[in-house]
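**Student:** Sending over a structure as structure tokens; questions will come in a sec.
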Amino acid sequence: MNRERRVYGAFRLGWAVILALMLAACAQVQDATPTPQVAQDEPTPAPAEAEGRTGPWVDEIVVVEEPSAEAAVTRLRASEIDVYAFAVSAPEVFQQVEAADDLDYVRSFGANTELTFNPAGPVFEGTGKLNPFAVPRIREAMNWLVDRDYIAQEIHGGLAVPRYLAINSAFPDYAKLVDVARQLEIEYAYNPERAREIITEEMEALGAELVNGTWQYNGEPVELIFLIRTEDERRDIGDYVATQLEGLGFAVRRDYRTAQEAATIWTQSDPNEGLFHIYTGGWVTTVVSRDQAANFNFYYTPRGLSRPLWQAYAPSPEFDEIADRLARRDFQTLEERRDLFAQALRLSMQDSVRVWLVDRLSISPYRADLSVAGDLAGGISGSWLWPHTLRRSGEVGGVVRIAMPSILPDPWNPLEGSNWVYDQMLTRSTGDLGLLPDPFTGLSWPQRVERAQVFIREGLPVAKTLDWVELTFVPENKVPEDAWIDWDAAAQRFITVGEKHPDGLTANRKSVTYYPADLYDLQWHDGSALSLGDIVLSMILLFDQAKPESPIYDEAQVPSYETFQEHFRGVRIVQENPLVVEYYSDLYLLDAEQNVADWMPYYSQGPGAWHTLGLGIRAETNRELAFSSDKADALQVEWMSYIAGPSLEILEEHLVAARTDGFIPYAPTLGQYVTAEEAQTRWENLQAWYDEKGHFWVGIGPFYLERAFPVEGMVQLKRHPNFPDPADKWTRFEEPRIAEAEIDGPGRVAAGSEATFDVFVSFQDEPYQVDAIDQIKYLLFDARGELAQTGDAQAVEDGLWQVVLSPDVTEQLEAGANRLEVAVVSRLVSIPSFASFEFVTTP
């Protein structure tokens, strides 16, 4: 119990230190201004030199590879690079950057580290070797084997907090479920003897023997292959975990790898080949996540990704069902959601194909003469606003040099290309969305959307914050008969609701998205005008890859498609110009803004025009290339890349044929929206683009890809001259209003008496408005370290809330020291704030 209480206290202290560090210098952070339910500031006036400037502030971006954060700081100070776009959490690097007058940095809270386990087996088909991590109880026991407090304090130097669960501890859901989270954190606190006991029991059940302190199977030592990343603290974490496993009697092969080297093994190889047992995983949540209900579906089930490792996941039927329900938002009330969430958190610990280690306070350093909008979750690399805001102070145009730990580790294609944050940062700069996420809160702001209406079935827990969306509650949403609900891949035509559901259909949610009249004035980078064909193709590709009759059928798409079909109720183009689209679904999110469907042609891994995707569709139809790595392995062909490598020659051959034939993909349907003249123009534009640029990556965003050099580790981006937005469109900057919390109250409380504690909430010494606070939750831990009471603090006035413990509550407290904690959830930023207060109970 003492150990558990120490870990718990350190966890809270870690967050206090992190928040103090961030608050001490938060004036240096600039982001787009979010002001839900509070009067919004006027945008900052544009500087004189911005007059008439459209598109990004800078003319060119050169991206290079720099694996070492320490070397990156040296290069920043020498002006060799301008930005290090990586979530750095090394304390020595933080100290160097903090002390440098010529450097600045963006802080972020979305990066985390975990152990990824290979669940295949228990005997690998490829090697005949034992895989202990095929057993869920052994994976679960790993939670007790690792000391997260040690990792956070010693390896990360205090710039991290222990993480046990599949939800980020800096986001709203954690604060809302803090009582559930705390109990699980105490239950799974560091306990190596318990880990040894369970692992020994399960290893013996597998037929292994402990011989002279070493585990053996079929007369040979049980060797674990541990993929350990080398670019950051994960090298030290990997060594620490390897040592812990060796202490249990395992032989551990420490396989040190860079990102690209490791990716070919853990994301691309068949898990049954047995090329690894464990990997030091790391994730960056690039947008503030207001609703993490889908995390379980993504991280623990085959529906998460089409990669081979995910297809090996086999959660228990109970966990699988709950993960699916949460992903589909199959609940009617917040209370039901909370119950499902609590079950999923416990079941995920029992499954533990991932063992979460820490959430990191990260910085992304850059030269002080630059400014850029970062994201509280994803920093610079995860920000959707970075390409719109990056500039050198007092300068328009010029070149900015960005470095990242890895460049082009995987191929780029819009459907199933690279998922690495290093690549996604760059692909985002080449695309455009109808809605962009607020970097402080995660709420959506209009970029290409003019306005929207959301109709939600009465009784469902949905709320509105921003004025650009209209929220209405209705008895039911009837789906029109002519809405599209399915796809006939053989005939290449949509199936309507009237055909599939002649008795009619209703939906929990209906969104109506209104686009501006000038939408079709947007130009793809090759000069082609955006058309309705690009948008209709994105609707076709909701279905086609998961249909066995399709020539680009990919069985890895089926699990996620089946989940989608469980809640999808139809889509309908109400008006073509200006474009108005209705979307029907039983899946709803808690915020009205997040329920608006956006139809700008941006796919899971980047922007895609109908003609560029058409080339990939032709190549996969001919079984020459494949969009996904899983299907590429199955067909034994190249994983499709639009930017480099052998794929380009194959795509070029299809470009020649497409020009000759006037090819339109899915012609029976898409031919109704794309004329022969448009098709011919597109193919000619793409040919000219390829002749000049040497690749097929065509976006519609503020930057275009000039050149990509995977071998050399360099990417060159240039300003899209026809991007229409004013350069100062997103220059509405303000400090993130992260609350400071403090508790005051009696130091001694007699059991059976009422006790009142004041909670002071402020920002820069000014009272925090009551209307800007979503919730202040309190937790009372007794002298044994157990959760004795939880509830909500009550508002008194701006900056002051109170927690009142009734006589019935204090009467149950044993004599000794108690701890009262509060979690403050603001509507203005996603980061909850914490405070604690100790008091003594007397008889």
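**Student:** Report ³J(HN,Hα) in whole Hz for each residue of the stretch 554-560, in order, from the Karplus equation J = 6.51 cos²θ - 1.76 cosθ + 1.60 where θ = phi - 60°; Gly and Pro get x.
**Tutor:** These are the phi-based 3J(HN,Hα) values: 9, 4, 5, 7, 5, x, 5 Hz.
**Student:** Rounded to the nearest percent, how much of the accessible area of the stretch 307-450 (1.4 Å probe, protein heavy atoms only) is carbon and sulfur?
**Tutor:** Using a 1.4 Å probe with all protein chains present, the stretch 307-450 comes out at 46 percent carbon and sulfur.
**Student:** If you don't mind, there's one more thing I want to ask. How many angstrom lie between the Cα centre of the stretch 774-821 and the Cα centre of the stretch 440-454?
**Tutor:** 38 Å
**Student:** Using only Cα atoms, tell me the angle between helix 136-145 and the longest principal axis of the chain; keep it within 0 to 90° and round to the nearest 10.
**Tutor:** For 136-145 against the chain, the angle is about 60 degrees.
**Student:** Compute the acute angle (0 to 90°) between the alpha-carbon long axis of helix 334-351 and the principal axis of greatest extent of the alpha-carbon atoms of the chain; round to the nearest 10°.
**Tutor:** 80 degrees
**Student:** Here is a further query. Under 5 Å between amide hydrogens, which residues at least 5 positions from Y603 or on another chain qualify, with H placed 1.01 Å from N in the peptide plane?
**Tutor:** Distant-sequence amide H within range of Y603: G608.
**Student:** Still on this structure, I have one more. Can you check what the Kirkwood hydrodynamic radius comes to for the chain, Cα pairs only, in Å to one decimal?
**Tutor:** By the Kirkwood definition, the hydrodynamic radius is 28.3 Å.
**Student:** Before I look further, what does the stretch 405-483 give for accessible area per residue, probe 1.4 Å, in whole square angstrom? Walk me through the numbers on the way to the answer.
**Tutor:** On the way: 2330 Å² over 79 residues.
Solvent-accessible surface per residue comes out at 30 Å².
**Student:** Further, regarding this structure: Any idea of the accessible area per residue across the stretch 534-601, 1.4 Å probe, to the nearest Å²?
**Tutor:** Result: 30 Å² per residue.
**Student:** Can you tell me the length gained on complete extension of the stretch A751 to E204, counting 0.36 nm per residue apart and subtracting the Cα distance? Walk me through the intermediate numbers first.
**Tutor:** Values: separation 547, 0.36 × 547 = 196.92 nm, distance 5.05 nm.
This chain segment gains 191.9 nm when fully extended.
**Student:** Amide H to amide H, which residues 5 or more places from Y105 or on other chains are under 5 Å from it, using H placed in the peptide plane?
**Tutor:** Correct list: Y366.
**Student:** Ignoring ligands, DNA and RNA, what percent of the accessible area of the stretch 463-579 is carbon or sulfur (1.4 Å)?
**Tutor:** 45 percent
**Student:** Short version: ³J(HN,Hα) in whole Hz for each residue of the stretch 744-755, in order, from phi by Karplus 6.51 cos²θ - 1.76 cosθ + 1.60 (θ = phi - 60°), x for Gly and Pro, what are they?
**Tutor:** 9, x, x, x, 10, 10, 6, 4, x, 10, 7, 10
**Student:** Per q in 0.11, 0.15, 0.16, 0.21 1/Å, what log10 I(q)/I(0) does a Debye calculation on the alpha-carbon atoms of the stretch 347-486 return?
**Tutor:** Log-scaled intensity ratios, in q order: -0.68, -1.06, -1.12, -1.32.
**Student:** Let me ask something additional. With a 1.4 Å probe and every protein chain left in place, work out the accessible area per residue of the stretch 709-843 in Å², rounded to a whole number.
**Tutor:** Roughly 43 Å² per residue, with all protein chains present.
**Student:** Arrange the peptides 606-617, 647-658 so that the one whose residues have, on average, the most other Cβ atoms within 10 Å appears first.
**Tutor:** 606-617, 647-658
**Student:** Would you compute, for the Cα atoms of the stretch 729-843, the largest minus smallest coordinate along each principal axis and list the three values in descending order, in whole Å?
**Tutor:** Taking the Cα atoms of the stretch 729-843, the three principal extents are 62, 25, 19 Å.
**Student:** Lys pairs in the chain, Cα-Cα under 21 Å, at least 8 apart or on separate chains: how many?
**Tutor:** Step by step, the pairs that qualify in the chain add up to 10.
**Student:** Among 401-407, 513-519, how do they line up from the highest to the lowest mean number of other beta-carbon atoms within 10 Å?
**Tutor:** 401-407, 513-519
**Student:** Separate question: Taking N as the number of residues in the stretch 324-388, what value does Rg over Cα atoms divided by 2.2 N^0.38 Å take? List each step's numbers first, then the result.
**Tutor:** Values: Rg = 18.3 Å, N = 65, 2.2 N^0.38 = 10.7 Å.
After normalising by residue count via 2.2 N^0.38 Å, the value is 1.70.
**Student:** Still on this model: Evaluated at 10 °C with a viscosity of 1.306 mPa s, what Stokes-Einstein diffusion coefficient in µm²/s does the stretch 292-335 have when Rh comes from the Kirkwood expression over alpha-carbon pairs?
**Tutor:** 149 µm²/s
**Student:** Just subtract the alpha-carbon distance of L334 and E649 from 0.36 nm times their residue separation and send over the number in nm, one decimal.
**Tutor:** Numbers: separation 315, 0.36 × 315 = 113.40 nm, distance 5.32 nm.
Net length gain for the segment: 108.1 nm.
**Student:** Out of every Cα pair in the stretch 584-674, what percent are spaced more than 23 Å from each other?
**Tutor:** I get 39 percent for the Cα pairs in the stretch 584-674 exceeding 23 Å.
**Student:** What do you get for the angle between helix 647-661 and the principal long axis of the chain? Use alpha-carbon atoms, 0 to 90 degrees, nearest ten.
**Tutor:** With rounding to tens, the tilt is 40 degrees.
**Student:** Please list 3J(HN,Hα) in residue order for the stretch 81-97, calculated via the Karplus relation 6.51 cos²θ - 1.76 cosθ + 1.60 where θ = phi - 60°; whole Hz, with x for glycine and proline.
**Tutor:** Values, residue by residue: 10, 10, 9, 10, 8, 8, 7, 8, 10, 6, x, 5, 5, 4, 5, 5, 5 Hz.
**Student:** May I ask you to give the percent of accessible area on the stretch 111-249 that is carbon plus sulfur, with a probe radius of 1.4 Å?
**Tutor:** C and S atoms contribute 42 percent here.
**Student:** What FRET efficiency comes out for Q680 versus L460 if R0 is 60 angstrom and r is the Cβ-Cβ distance? Round to the nearest 0.05.
**Tutor:** Efficiency, rounded to the nearest 0.05: 0.80.
**Student:** Roughly how big is the chain's charge dipole about its Cα centre, with Cβ charges of +1 (Lys, Arg) and -1 (Asp, Glu), in debye to the nearest 20?
**Tutor:** With only Lys, Arg, Asp and Glu charged at Cβ, the dipole is about 420 debye.
The values are calculated or read from the model by the stated rules, or taken from the named source; none is laboratory data. Please read these numbers as outputs of a predicted model, since none were measured by experiment. FYI the Cβ positions are ideal-geometry reconstructions off the backbone, even for glycines, and counts take in every protein chain you see. In case anyone asks, the SASA skips ligands and DNA or RNA and just uses the protein heavy atoms, side chains included. Shrake-Rupley method; radii C 1.70, N 1.55, O 1.52, S 1.80 Å.
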